[in-house]
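To start, the structure under review is shown below, and the notes come after it.
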Number of protein chains: 2
Amino acid sequence: MYELLFKYLQNKTGISEKNFSECSPYFKLKEVKKNEIILREGEVCRSNYFVNNGCLKFYSINDEGHQLTRYFAFESKFGTALSSLIDQKPSFEYIQAIEKSELLMISRQDFFQLVNTVPQINTIYRDILEMAYVTSQKRIYGLQGKTALDQLKWLMEYQPKILSRLSNKEIASYLGITPFTLSRLKSQL
Amino acid sequence: MYELLFKYLQNKTGISEKNFSECSPYFKLKEVKKNEIILREGEVCRSNYFVNNGCLKFYSINDEGHQLTRYFAFESKFGTALSSLIDQKPSFEYIQAIEKSELLMISRQDFFQLVNTVPQINTIYRDILEMAYVTSQKRIYGLQGKTALDQLKWLMEYQPKILSRLSNKEIASYLGITPFTLSRLKSQL
DNA sequence: CAAAAACGTTGCGGTAGAGCAATGTTTAAG
DNA sequence: CTTAAACATTGCTCTACCGCAACGTTTTTG
């Protein structure tokens, strides 16, 4: 149950089995069905999730009712509504399982306690923040000011997993275009 | 020279004057002229900057030669090419002073040493990362999928300082639209 | 395995914003 | 204070993307 998480932490921080065994009990197993919604807009996010298998989608719904996806968490990734988790205000994003998934869930309180007491978890949190930031920057710079076709090419180059594993509807939501436009673009490649 | 930085740190972490005096010598004063470029695309960013007065612009230039601005650092803000600073790869963004500015500069090495040895600086770095992330998220969600007019209204509500202090050219670059479009929009308000 | 629902594709028309050029205005520099 | 340069505005045209509708295909579910 904790093999993947241990591998992940060991890889990033070189944590020992002993130290890990002090952290792992705080992570609870949570199984979710396909399409199950884990967090809704307006709710305060109180957990951090590590994906053992499956895939989570983090998205918001804008004024016109369109989904806009910021992040897909596949296996061996942490994911949470970070803004909401950090300041404990209502989330503007949803978390939903795209596939039947197995998650390791840790409460906000336990997580930040580990961040403050276990150096390796502090490192992991720093790493999560850095990665999240760098990713979001790449996204802004990589996508803005480009045509949708260029965005698609960028995605093919840097995030091929998203293209190969997800439906056009999800991909379009990630790119911020309509499935119609995506369909047309694919025929131009 | 260090009053503003001390106030900033004290406000965020409650640091004592004594602890602060151990950190402050690492921050060197740097004065820059209006329009002076502090970091160019392709260079590796080796410093973190605290703005004592003036304003820094963080932007990239896309394939069509257009500026895209991600952040303006006014007084009492830290700013750096964070992605480059973190992984020490060439920066894809420029840092430029919009006005004659007075900066406190700390080297990457000194900064991360402080992060790892001074709890209050660790907190500050976490805070910088969290803020940077939350801001970039707000930007993605707040701007994408909206019309340029809505973007402008959003900016008026949440970042009025940018509108009041900067030229239309800078504002347009921040919104990812042309100055022409911005000019037209303003007449519609 | 059959019916329904979700998803993908394609054509048509509409619109927001870009590019360019012309002109007026503000800022900067000698 | 004067001249040049940068910036702002506005009209015209063009294009990328959207919305909707119609139709075919795949997936889900009872």
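The values are calculated or read from the model by the stated rules, or taken from the named source; none is laboratory data. This one's a predicted model, so the numbers in the text were calculated from it and none came from an experiment. Methodologically, a virtual Cβ is constructed for each residue, glycine included, from the backbone with ideal geometry; neighbour enumeration extends over all protein chains shown.
Laid out as a table, the results:
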| quantity | calculated |
| --- | --- |
| Residue in segment A:52-70 that is of a type in the set (Lys, Arg), farther than 17 Å from A:Ser91 by Cα and at pLDDT below 95 present | no |
| Of all residues making up segment A:48-86, the number that are within 14 Å of B:Tyr141 (Cα to Cα) and assigned to a strand (DSSP E or B) | 9 |
| Residue pairs meeting the criteria (Cβ under 7 Å; at least 6 apart or on separate chains; first away from every other protein chain (no Cβ under 14 Å) and assigned to a loop (DSSP other than H, G, I, E, B), in segment B:163-189; second within 8 Å of DNA strand C (Cβ to nearest atom) and hydrophobic (A, V, I, L, M, F, W, C)) | B:Gln188/B:Leu149 |
| Filtered residues of segment B:52-73 (kept if under 12 Å from B:Gln96 (Cα atoms) and away from every other protein chain (no Cβ under 14 Å)) | B:Gly54, B:Cys55, B:Leu56, B:Lys57, B:Phe72, B:Ala73 |
| Subset of segment B:10-47 that is within 16 Å of DNA strand D (Cβ to nearest atom) and part of a loop (DSSP other than H, G, I, E, B) - its residue that is nearest to B:Glu102 (Cα to Cα) | B:Lys33 |
| Residues of segment B:158-189 classified as within 12 Å of DNA strand D (Cβ to nearest atom), at pLDDT below 90 and either crowded, with 17+ Cβ neighbours inside 10 Å or of a type in the set (Val, Ile, Thr) (or both), total | 0 |
| Residue in segment B:33-41 that is in contact with a Gly (Cβ under 7 Å, 6 or more places away or on another chain), within 14 Å of chain A (Cβ to nearest Cβ) and not polar (S, T, N, Q) present | no |
| Selection count where residues are under 13 Å from the mean Cα position of the chain (by Cα) and among the charged types (D, E, K, R), scope segment A:60-87 | 3 |
| Out of B:Ser187, B:Ser164, B:Ser183, sole residue that is within 15 Å of DNA strand C (Cβ to nearest atom), closer than 17 Å to B:Phe74 by Cβ and polar (S, T, N, Q) | B:Ser164 |
| Failed item, numbered, when B:Ser83 is tested on (1) of a type in the set (S, T, N, Q); (2) in contact with a strand residue (DSSP E or B) (Cβ under 6 Å, 6 or more places away or on another chain); (3) surrounded by 17 or more Cβ atoms within 10 Å (Cβ to Cβ); (4) modelled with pLDDT under 95 | (2) |
| Among residues of segment B:1-49, those that are surrounded by 14 or more Cβ atoms within 10 Å (Cβ to Cβ) and free of Cβ contacts under 8 Å to residues at least 12 places away in the same chain, counted | 1 |
| Qualifying residue in segment B:95-108 (condition: within 14 Å of another protein chain (Cβ to nearest Cβ), surrounded by 14 or more Cβ atoms within 10 Å (Cβ to Cβ), outside any strand (DSSP E or B) and modelled with pLDDT of 95 or more) | yes |
| Residue count for segment A:16-59, restricted to those that are basic (Lys, Arg) and within 14 Å of the chain's Cα centre (by Cα) | 1 |
| Single condition B:Ser76 does not satisfy, out of (1) within 11 Å of chain A (Cβ to nearest Cβ); (2) under 21 Å from B:Leu129 (Cβ atoms) | (1) |
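Results for (1) part of a helix (DSSP H, G or I); (2) touching a strand residue (DSSP E or B) at 6+ places or on another chain (Cβ under 9 Å); (3) surrounded by 18 or more Cβ atoms within 10 Å (Cβ to Cβ); (4) of a type outside the set (Asp, Glu), shown as yes or no for each residue.
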site	(1), (2), (3), (4)
A:Phe111	yes, yes, yes, yes
A:Asn116	yes, no, no, yes
A:Thr123	yes, no, no, yes
A:Ile128	yes, yes, yes, yes
A:Lys138	yes, no, no, yes
A:Tyr141	yes, yes, yes, yes
A:Lys146	no, no, no, yes
A:Asp150	yes, no, no, no
